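Right, one structure below, let's go through it.
The values are calculated or read from the model by the stated rules, or taken from the named source; none is laboratory data. Because the structure is predicted, anything quoted here is derived from the model rather than measured. Note that we place each Cβ from the backbone using ideal geometry, even for glycine, and neighbour counts take in every protein chain shown.
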Amino acid sequence: MRNSTFFLKSAYGLTIVCLATNTALAQNSGVTTQGRTFSITPRISLTETWSDNLAVSRSQNNKESGFLTQLSPGIRIDAKTARLKTYFDYALVGNFYSASSVNSRTQNSLNTFGTFEAISNWLFLDFSGRIAQQAISAFGPQSPSSGSYNTNSTETSNYRLSPYIRGHLAGLVDYSLRYTWSTTQSNASALSNVDLSDWAGQLRGGTPFQSLKWSVDASQQTADYSSGRATDAERLYATATYSVVPQFRISLSGGQESNNYASLNKESHPTHGYGFDWNPTERTQISAFKERRFFGDGHRYSLSHRFPLSSIRYSDSKDVSVLPNQFTSVGLGTVFDLFQQICSQQLSSSYTDPNQLEQAANTCAATLVSQAGISPDTLVTSSFLSSRATVQRRQQLALALQGTRNTLTVLFNRNESRSVLAAAATNDDFNLNNINNIRQRGVSVTLSHRLSGLSNLNLTASRQESTGTGNATLKSTTTLYQANLTTKLGAKATGGISVRHSEFESTTSPYTENALVGTLSIVF
C-alpha cells in the first residue's frame, strides 16, 4: 500500500511537471531553426496485461494468473543545438497486481546520452545514464517483460560522465585526453556495486613517409567494488600504421601493461599485436587485429557490407571487462539494444569516430522504438549481473533486410565470460554456483510490417541458452515469441495490443507464461 501511495504521488507530480514544462516551452518544442532543434514531449501510458503466470520465479505448481496494471508517466527531451546534442527519456512505472500474493511496486526507466561542447573544438563532455530491470543470475528465471514479478530481477542503474579535450600541436601532432567516471548500482544487496575511474590519452601523427602513421596510447583504470577488493590497471603502447594502398593498411603495436586482476599484487606483461583494415568498396569494411595480452590472445575482428536494401555485419572481440555484463553488451538485451545494434550497423560507414557513431545509433534506435510503439525496455534476450573482472569474448552476426513495408532483422550472438579476479568475495554467478566460465548463445528474429500509414505489426522470436562450467555445470534456456500490433488513434494517442508466449527451461526453476497485453499511450 505504501508503494502504491508513493507511486500515485510521484506520478501525479511528474505529470504536472511534464504538463507545465510543455506549456511553458510550447513555442520551442519541436521547432527547427537554422539546424537547431529542441523538443520536450511529456506522455502518459496505461498498460493492462493478463498473464497466466504473474510471478515467474515461483515453481510451476504455484502458478497464479491475474492482471497487471501499469501506469507510466514519462518525458522525452531531444536537443540538437550548436553545443549540445542530447536525448533524454524517463518514465516512472507503477505496477499493480491483481494477485494478493504479489505486492505492488514502482520502477524507474531511464535512457539518456549526449555531448556538450564546452569550448569550441577543444573541450567536450560526454554523459549517459541508464536505469533498467536486469537479471541477477544467468541461470535463474528470466523475465518475459520488465513488469513480471521475478525475484531474479533487480533495478540497475549506470551513470557516466566523460570530459575530454582534443586538438593539434604545432600542426604536426593530434592529441586527446579523456577522463571517464561511471557508477553502476543495483537494488540487489547481495551483489557488488562498482565505481569506475579511467584516464586515457593519445598522441598521433605522421612521418616523412606519407603512408606511415604512428600513435601512442596510455590508460589508467581503477575499479572500486562495494564488496570485494578494488582493481587497478595501467597500459602504455605504441602503434605504427602503414597504408599499402588507400583502401588497405596494416598495423603493428607493442607496449606494456600491468594490473592486479589475477593476483593480489600488480603484475606486468609485455603486449604486442598486428592487424589490418581493408575497405575494398564504399559499402564494405573488413578489420582484424590480434594481440598478446596478460590473459592470452585478445582480438578484434569485424566485417560489414551494405547492399542496396540490406546489410550484414559480423563482429568478434576478446578483451577484459570490469563493468557488469549488461553494460558491456552481453546478450541482445532490450528492444532498444536490438535497434541500437541495427542502427550502428547501418551507420558505421558514415562515422569514423566511435563516440559519434554510438550517439547517432542511439538516436536512430530511439526513433525506431517510438515508431514501432514498443516499450524500449522490452526484453529480447537477457544478460546477467557480474561483480568482478572477466575476460569476455563476444561474437555477433547481424542481418537486416529492408523493403517498402517490411523490415526483417536476424541476430545471432555468442558470448563467453571467464573470471580472472583473484580472491573474489562477491555473490555473483561465479561464486554462488562454483563455476569459472559462462557461455551464452542466442538468436533473435524480428519482422516489422507497416500495415498502413497509421498501423504497424511486429513479430519477434528469440531463444537464448546459458551454460556454466567449472566445478559444477549449469544450463538454462529462454524462449520468447511475441506479436505486437500498434496503431495511431489520433494526433497524440497510440494504442497497441500484443500476445506473447515464453518458456524457461532449467533443472531448478522452469516456467511457462502466456500473456495478452493492451497499451494506450498519450503524448501532450
### Message
Given (1) modelled with pLDDT of 90 or more; (2) touching an Asp or Glu at 6+ places or on another chain (Cβ under 7 Å), identify the lone condition not met by Y175.
### Response
(2)
#### Entry: Cross-chain or 6+ apart pairs with Cβ under 7 Å, segment 453-472 first and over 15 Å from D429 (Cα atoms), then among the charged types (D, E, K, R) and in a strand (DSSP E or B)
L454/K488; N456/R450; E465/R441
### Task
Report yes if some residue within segment 259-269 is among the basic types (K, R), farther than 30 Å from A132 by Cα, assigned by TED's automatic domain parsing to the domain that holds Q221 and not in a strand (DSSP E or B); otherwise report no.
yes
### Query
Which one is modelled with the highest pLDDT among residues in segment 19-76 that are farther than 30 Å from A99 by Cβ and among the basic types (K, R)?
R76
